[in-house]
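Throughout, read-outs are computed from the coordinates displayed, never taken from laboratory work. For clarity, every value in this text was computed on a predicted model and none was experimentally measured. Virtual Cβ from ideal backbone geometry, glycine too; neighbours counted across all protein chains shown.
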Amino acid sequence: MTKGFEKMSYDIKVVLDNTEKFSAFLHKKIRAFNNKHSIHHQEVRKKEAVQPINIIVSDDNRNWIGGLNADVYWGWMEINDFWLHEEYRGKGLGGELLEKAEKIAKEKGATQSLLTTFEFQARSFYEIKGYQVIGEIKDYPPGSSYYTMTKKLI
């Protein structure tokens, strides 16, 4: 044993079920660590620092048929979810929503946009709209790829 170090006592337990309480514990500890080491993480956790964008699309009966949600922080817009009912795809509506979100994000101070998508989702759509692949995880899920994409908004 190295001088100055005491033997630590601990127990390791494997749980193969969802454990919300433990997951919340880990999330809280990681956030605290990030806050301690990154002023940017501290600032974004302030209530007004994250600026949400929610664009909701409804049909004539006020049923939701899709939309987009994103957050603006650190000068970036991060697109979290973007989906349209199949019946409404391929008609320009997706591009309209993306442009609207980018415009709002710029008004909120964003200069760049970030998103992730699977190969079987919308990579080509985003590339047409000016997004570039900056990261790829191949064979995730097996036989496909997972992409991180960005776009400059200025």
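What does segment 10-49 give for Rg and for Dmax, in Å, if only its C-alpha atoms count?
According to the Cα coordinates of segment 10-49, Rg and Dmax are 13.9, 41 Å.
Any idea how far the Cα center of segment 125-145 sits from the one of segment 55-78, in Å?
What the calculation gives is 22 Å, centre to centre.
Can you compute 3J(HN,Hα) from phi for each residue in segment 16-33, using the Karplus curve 6.51 cos²θ - 1.76 cosθ + 1.60 with θ = phi - 60°, rounded to whole Hz and x for Gly and Pro?
9, 10, 5, 10, 4, 5, 5, 4, 5, 4, 4, 4, 4, 5, 5, 4, 4, 4
Would you work out which of VAL15, ALA32, ASN63 lies farthest towards the positive end of the dipole of the chain, given +1 charges on the beta-carbon of Lys and Arg and -1 on that of Asp and Glu, about the Cα centre?
Of the candidates, ALA32 comes out farthest on the positive side.
Could you check the simple spin-label distance between ILE55 and ALA24, using points 7 Å along Cα→Cβ, in nm with one decimal?
3.5
Filter the trypsin sites (Lys or Arg not before Pro) in segment 9-89 to those in DSSP coil with at most 10 other Cβ atoms within 10 Å of their Cβ, and list the result. Walk me through the intermediate numbers first.
On the way: sites: LYS13, LYS21, LYS28, LYS29, ARG31, LYS36, ARG45, LYS46, LYS47, ARG62, ARG89; in loops: LYS13, ARG45, LYS46, LYS47, ARG62, ARG89.
The qualifying sites are LYS13, LYS46, LYS47, ARG62.
Could you give the size of the charge dipole of the chain about its Cα centre, using +1 on the Cβ of each K and R and -1 on the Cβ of each D and E, expressed in debye and rounded to the nearest 20? Could you put the intermediate results ahead of the total?
Numbers: 23 positive and 21 negative charges, 172 e Å.
Roughly 820 debye for the chain.
Which of the chymotrypsin sites (Phe, Trp or Tyr not before Pro) across segment 110-153 are loop residues per DSSP, with 13 or fewer other Cβ within 10 Å? Write out the running numbers ahead of the final one.
Details: sites: PHE118, PHE120, PHE125, TYR126, TYR131, TYR146, TYR147; in loops: PHE120, TYR131.
Sites meeting the loop and neighbour criteria: PHE120.
How high is the FRET efficiency from LYS91 to LYS138, r the C-beta distance, R0 35 Å, rounded to 0.05? Before the final figure, lay out each step's value.
Details: r = 32 Å, r/R0 = 0.92.
FRET efficiency, LYS91 to LYS138: 0.65.
Over 18 Å, how big is the tail of the calculated P(r) for segment 1-136, in percent of all Cα pairs? If you can, show how the numbers build up before the last one.
Values: 6355 of 9180 pairs.
The calculated P(r) of segment 1-136 puts 69 percent of pairs beyond 18 Å.
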